[in-house]
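The values are calculated or read from the model by the stated rules, or taken from the named source; none is laboratory data. All figures in this text were calculated on a predicted structure; none of them were measured in a lab. For neighbour counting, all protein chains shown are included, and Cβ atoms are generated from backbone atoms with ideal geometry for every residue, glycine included.
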Number of protein chains: 2
Amino acid sequence: MGRIITIGREFGSGGREVGRRIADELHIAYYDSEILEEIVKKTPYSEEYIEEITHGRPISLFPIHYANSWGPVVDPHFQQAIDVYQEQTKILKELATKSDCVIIGRCADYVLRDMNPFRIFVYSDTKSKIERCESKGKEGEPLTEKQMIKRIRYVDKKRRQYYEFYTGQKWGARENYDLMINTANSDIKKVAKMVAKLFD
Amino acid sequence: MGRIITIGREFGSGGREVGRRIADELHIAYYDSEILEEIVKKTPYSEEYIEEITHGRPISLFPIHYANSWGPVVDPHFQQAIDVYQEQTKILKELATKSDCVIIGRCADYVLRDMNPFRIFVYSDTKSKIERCESKGKEGEPLTEKQMIKRIRYVDKKRRQYYEFYTGQKWGARENYDLMINTANSDIKKVAKMVAKLFD
């Protein structure tokens with residue numbers, strides 16, 4: 001079995017930690033924010049802007065009647081999102097060709113489908129997500145529980161839209177993954193050891 | 001973590017083999033047809049009849065206008081299905097109380113929810129299911145591929161209806177399971193060793 005492992009995940013489910021620990025167990029590379037840094041190097045856009053357009057599907061800001069007789073007008077914002085996705089695709093393929101690795105998010109399961117990656121999806125229930133978000137909360141004004149639930153739903157909605165726009169597949173639907181892990185009642189260290197066992 | 005492990009599964013996905021191997025790895029009891037045998041002992045119905053009414057939701061054979069002024073008429077077929085389900089529930093609880101175990105199907109994840117079981121769902125793609133069915137085929141006239149696909153869909157439809165009728169939950173929906181395993185590209189022996197690792 002190849003050891004290209006991709007991790008899709010719900011916000012607050014600990015998917016990133018699962019991925020990092022699997023990479024540690026298997027002594028293979030781990031790519032998450034490293035990919036963003038690579039995109040920054042290879043495109044003219046800022047980190048913040050790339051962050052923004054790689055969350056959610058690209059939205060055209062121009063109304064449809066902007067099209068004129070010389071052909072359709074392409075919204076530059078929309079085009080930039082597509083450019084970034086294409087650059088990201090190239091980077092993912094380069095990284096996965098270089099060595100075994102764990103890759104977080106970024107439709108890597110779909111982008112690398114010809115390399116037969118092991119596709120994991122990590123999810124959890126709302127209660128556990130809130131607890132995780134609380135324990136990992138950034139400094140400053142803490143969010144109320146209601147605000148946190150809103151945030152969790154918002155981020156997952158954006159992830160779903162992003163994934164479904166670029167892959168044409170349903171995000172979190174079992175047929176698109178090899179293993180789906182619910183972290184609500186699980187010890188993430190054990191989960192990582194469990195997954196690593198499959199690659200023994 | 002408790003070691004009551006329940007296995008929901010798509011037909012032809014190898015869920016039964018996954019369960020049996022996990023039980024072997026952990027040296028715990030394994031219950032599948034044993035439950036059916038217990039129900040036969042404890043109810044007046046034949047094995048074949050119980051098999052029939054524990055596949056799919058109970059269907060009332062009486063049209064609704066059979067109800068009369070003395071109260072609703074209960075279709076005996078429907079009532080028998082409910083009786084068998086209740087007997088099965090009792091048996092499942094007795095078995096799970098007796099010792100750690102793996103239980104195949106029978107809404108055990110839902111029935112034993114107060115015992116905090118580890119809930120696995122095993123699934124696969126159609127191609128792998130056909131291969132598995134072919135390799136495990138019973139003697140006699142072999143089914144064509146088309147017939148096999150029809151059979152796979154039919155059994156899964158019945159399983160879904162049975163599960164959803166008695167639990168009110170969606171069959172195969174990730175929120176109802178702790179771990180979902182796609183056996184399409186996996187070695188089942190390795191999968192069982194992987195799951196056992198979680199209980200180390």
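Exactly one residue out of A:199, A:118 is at pLDDT 95 or above and more than 17 Å from residue A:11 (Cβ to Cβ), and it is A:118. With the condition kept exactly as written, say whether any residue in segment A:121-130 is of a type in the set (A, V, I, L, M, F, W, C) and within 14 Å of chain B (Cβ to nearest Cβ). Yes: segment A:121-130 contains one or more residues that are of a type in the set (A, V, I, L, M, F, W, C) and within 14 Å of chain B (Cβ to nearest Cβ). Inspect segment A:183-195 for any residue being away from every other protein chain (no Cβ under 13 Å), free of Cβ contacts under 8 Å to residues at least 40 places away in the same chain and surrounded by fewer than 15 Cβ atoms within 10 Å (Cβ to Cβ) and give the result as yes or no. Taking every residue of segment A:183-195 in turn, none turns out to be away from every other protein chain (no Cβ under 13 Å), free of Cβ contacts under 8 Å to residues at least 40 places away in the same chain and surrounded by fewer than 15 Cβ atoms within 10 Å (Cβ to Cβ). Just so you know, in segment A:114-133 the residues that are in a helix (DSSP H, G or I) and of a type in the set (D, E, K, R) include one that is surrounded by the most Cβ atoms within 10 Å (Cβ to Cβ), and it is A:129.
With respect to being of a type in the set (Gly, Ala, Ser) and closer than 30 Å to residue B:118 by Cα, residue A:172 fits the description.
Per-residue answers, yes or no, for (1) out of contact with any strand residue (DSSP E or B) (no Cβ under 6 Å at 6 or more places or on another chain); (2) modelled with pLDDT under 90:
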residue	(1), (2)
B:11	yes, no
B:18	no, no
B:22	no, no
B:46	yes, yes
B:57	yes, yes
B:64	yes, yes
B:73	yes, yes
B:85	yes, no
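Looking only at residues in segment A:167-182 that are touching a residue at least 12 places away in the same chain (Cβ under 8 Å), more than 7 Å from chain B (Cβ to nearest Cβ) and assigned to a loop (DSSP other than H, G, I, E, B), the one that is farthest from the chain's Cα centre (by Cα) is A:169.
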